[in-house]
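Below: one structure, written as structure tokens.
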Amino acid sequence: MCRKCSHQCTTTYSGHGTDGVAQPDALRTTGFGLEDVSTRPSAPNPEPSPYYYRISATGGRLVPPKYTLTPSGGMSCGTSSMEDIIVFYLDIGVNSDFVNIPADQIPLIEKSPSVTLLAGSRSRTIPGFEPLVFSDSWRFIGSG
């Protein structure tokens, strides 16, 4: 029997659903950069995917989606609550002009062989949100 034991609390996170980027209450910072690097002396030659790009659609929502936080293990562990989900919509590529990119950023460059099709996918963790894994996929089709 334990006389001065602290309670062991367990926290369960639950919820499901979808969230569309084009919400009327979304506060967004969007950006798009596309550059043909084939004429750059610093670009690989030949470069089979000479169109380097960056796409960003981020920001918080005025009314973010929620998940349920349920602590268990005794009265001192607290009560259930609804918490805001922090939404990272899409932030891909390197925010740069692709001239003086630091070596650690080079693997983050998104490339395309065609200016009219920008597509890809990735999974990542975001510092401060481990062990969550965020999966992104994108497909933008242009004309011209």
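The values are calculated or read from the model by the stated rules, or taken from the named source; none is laboratory data. No experiment lies behind these values; they were computed from the predicted model shown. Positions of Cβ are generated from backbone atoms using ideal geometry, with glycine treated the same way; all protein chains shown enter the neighbour counts.
Take the residues in region 63-107 that are hydroxyl-bearing (Ser, Thr, Tyr) and in a loop (DSSP other than H, G, I, E, B); name whichever of them is modelled with the highest pLDDT.
Ranking the candidates gives Ser80 first.
Any residue in region 22-48 that's surrounded by 15 or more Cβ atoms within 10 Å (Cβ to Cβ): show its pairings with residues that are modelled with pLDDT of 65 or more and among the polar types (S, T, N, Q) at Cβ separation under 6 Å, as long as the two are six or more apart or on different chains.
Within 6 Å, the pairs are Glu47/Ser38.
The rows are residues; the columns are (1) out of contact with any helix residue (DSSP H, G or I) (no Cβ under 8 Å at 6 or more places or on another chain); (2) outside any strand (DSSP E or B); (3) modelled with pLDDT under 80; (4) of a type in the set (A, V, I, L, M, F, W, C).
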position	(1), (2), (3), (4)
Cys5	yes, yes, yes, yes
Thr18	yes, yes, yes, no
Phe32	yes, no, no, yes
Glu35	yes, no, no, no
Pro48	yes, yes, no, no
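Tally time: how many residues in region 110-144 are in a loop (DSSP other than H, G, I, E, B), more than 14 Å from the chain's Cα centre (by Cα) and either within 13 Å of Ile55 (Cβ to Cβ) or among the β-branched types (Val, Ile, Thr) (or both)?
Total satisfying the criteria: 3.
Step by step: first the residues of region 125-144, then only those that are at pLDDT below 85 and charged (D, E, K, R), then the one that is farthest from Ser42 (Cα to Cα). Which residue is that?
Top of the filtered list is Glu130.
Counting just the residues of region 89-124 that are surrounded by 15 or more Cβ atoms within 10 Å (Cβ to Cβ) and polar (S, T, N, Q), which one comes out farthest from Phe140 (Cα to Cα)?
If we take residues in region 89-124 being surrounded by 15 or more Cβ atoms within 10 Å (Cβ to Cβ) and polar (S, T, N, Q), then Ser96 is farthest from Phe140 (Cα to Cα).
Are there any pairs with C-beta distances below 9 angstrom linking a residue in region 111-124 that is at pLDDT below 90 to a residue that is among the aliphatic types (A, V, I, L, M) and part of a loop (DSSP other than H, G, I, E, B), with the two at least 6 apart or on different chains, and if so which?
That search, which allows pairs on different chains as well, returns Ser123/Val133; Arg124/Val133.
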